[in-house]
1. When the range 26-46 is examined, which residues are found to be modelled with pLDDT under 85 and either surrounded by fewer than 21 Cβ atoms within 10 Å (Cβ to Cβ) or under 13 Å from the mean Cα position of the chain (by Cα) (or both)?
2. Please specify each residue of the range 219-238 satisfying the condition of being under 19 Å from residue 23 (Cα atoms) and either assigned by TED's automatic domain parsing to the domain that holds residue 73 or without any contact (Cβ under 8 Å) to a residue 12 or more places away in the chain (or both).
3. Consider only pairs whose beta carbons are under 8 Å apart and that are at least six residues apart or on different chains; among these, list those whose first residue lies in the range 274-289 and is β-branched (Val, Ile, Thr) and whose second residue is in a helix (DSSP H, G or I) and buried (at least 22 other Cβ atoms within 10 Å of the Cβ).
4. Mind checking which pairs have a first residue in the range 120-132 that is farther than 16 Å from residue 85 by Cβ and a second that is crowded, with 20+ Cβ neighbours inside 10 Å, Cβ under 7 Å, 6 or more apart or different chains?
5. Where the second residue is of a type in the set (D, E, K, R) and the first is outside any helix (DSSP H, G or I) and lies in the range 246-260, which pairs have Cβ atoms under 6 Å and are six or more apart or on separate chains?
6. Using the structure shown, decide if residue 20 is under 28 Å from residue 264 (Cβ atoms) and modelled with pLDDT under 80.
7. Looking at the range 121-132, is at least one residue out of contact with any Asp or Glu (no Cβ under 6 Å at 6 or more places or on another chain), among the aromatic types (Phe, Trp, Tyr) and modelled with pLDDT of 90 or more?
8. Within the range 69-80, can one find any residue that is in contact with a Gly (Cβ under 9 Å, 6 or more places away or on another chain) and over 18 Å from residue 29 (Cβ atoms)?
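The values are calculated or read from the model by the stated rules, or taken from the named source; none is laboratory data. Quick caveat: nothing in here was measured; it's all calculated off a predicted structure. Here the Cβ positions follow ideal geometry from the backbone for every residue, glycine too, while neighbour counts run over all protein chains shown.
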Amino acid sequence: MTTPTQHWRPVDSRIWGDEGFRRVGVETKMLWLYLLTHPNHHPPGLVLTSKGDLLDMLERTFGYEGRVEAIEEAITEGFIKGDWDAPLVLIPKALQYRVNGGGRPQSPNVITNWVRRGAAAPESPLRTEWFGYLREAAEFMGAAHLAAFEKEYAKLSPKLSVKVSPEESGIASPIREREREREGEEEEPPTPAPKVKATKRSTIPYQEIIDDLNEVCGKNFKNTEPTQKLIRSRWKDGWRVEDFKKVHRIMLQAVEDDTWYPGRGEGMRQYLRPATLYNTKFEGYLNWSASERGSGDAIDTWAGGK
């Protein structure tokens, strides 16, 4: 996949009203906008870039703090998926906004070009998933666009079936749901969240952990699936409620004492959030002894520099 010659990318202004976008930290917002306008973001939804490239951009912009956490938060919130071996990044909702926004292609030839560029991307499960999104988008745009997709896709990727829809493949497409909302069609009310059953997973006290974070750190996080996923990962590592509560207090104290990243003081309070505290560095936060606070090595570790 070569670098495209065009120098513009459509960015939907509705992004600023998106609840998930408002919720994430400033580093994750910058990462998201960087990917949307990346020179190798073509076709829509596929970005040929490496994790190192993203880390370098974040370091140039913000320094060490928040580098790793921003990428992890973007993945947890569902903004992106990364195959770092390919390397390739998938933006699942890119085609949704393109189809429903001002950049919607009128000519089926655009779909043909997107299929060709997608086929030129590194082989990856993310590329296969993207083709599912593109087929759904082409079908939504009309018979001519769908025919263009199937003709070119069958020619370039004969090993992949074009008869399987994204839904049948297990690929959830938000495009039709978005269009129904815009047209005001009556939809069935969302199914209420099922009551917690006595299963192995339900023994994890998500609400207790989140309530403690909110009370201790003065936050207002909700018991959402992305946060539960982070808690579940640490729970599988063997950590329990008291460990989470201890991390909340340790890192709050680090912010108040200005020892997490000296000189930044209250600016580090934004990192008192699930995406940062419950990531793969959880054990490091938990065992961050008083003697390490204020030391350069420890600080860089907690701030994502290593």
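1. none
2. Once the filter is applied, which keeps residues that are under 19 Å from residue 23 (Cα atoms) and either assigned by TED's automatic domain parsing to the domain that holds residue 73 or without any contact (Cβ under 8 Å) to a residue 12 or more places away in the chain (or both), the range 219-238 yields 220, 224, 225.
3. Taking only residues 6 or more apart or on different chains, the pairs are 276/69; 276/73.
4. Going by the 7 Å Cβ cut-off, the qualifying pairs are 130/45; 130/46; 130/90; 130/118; 131/118; 131/153.
5. 259/293
6. no
7. yes
8. No, the range 69-80 has no match at all.
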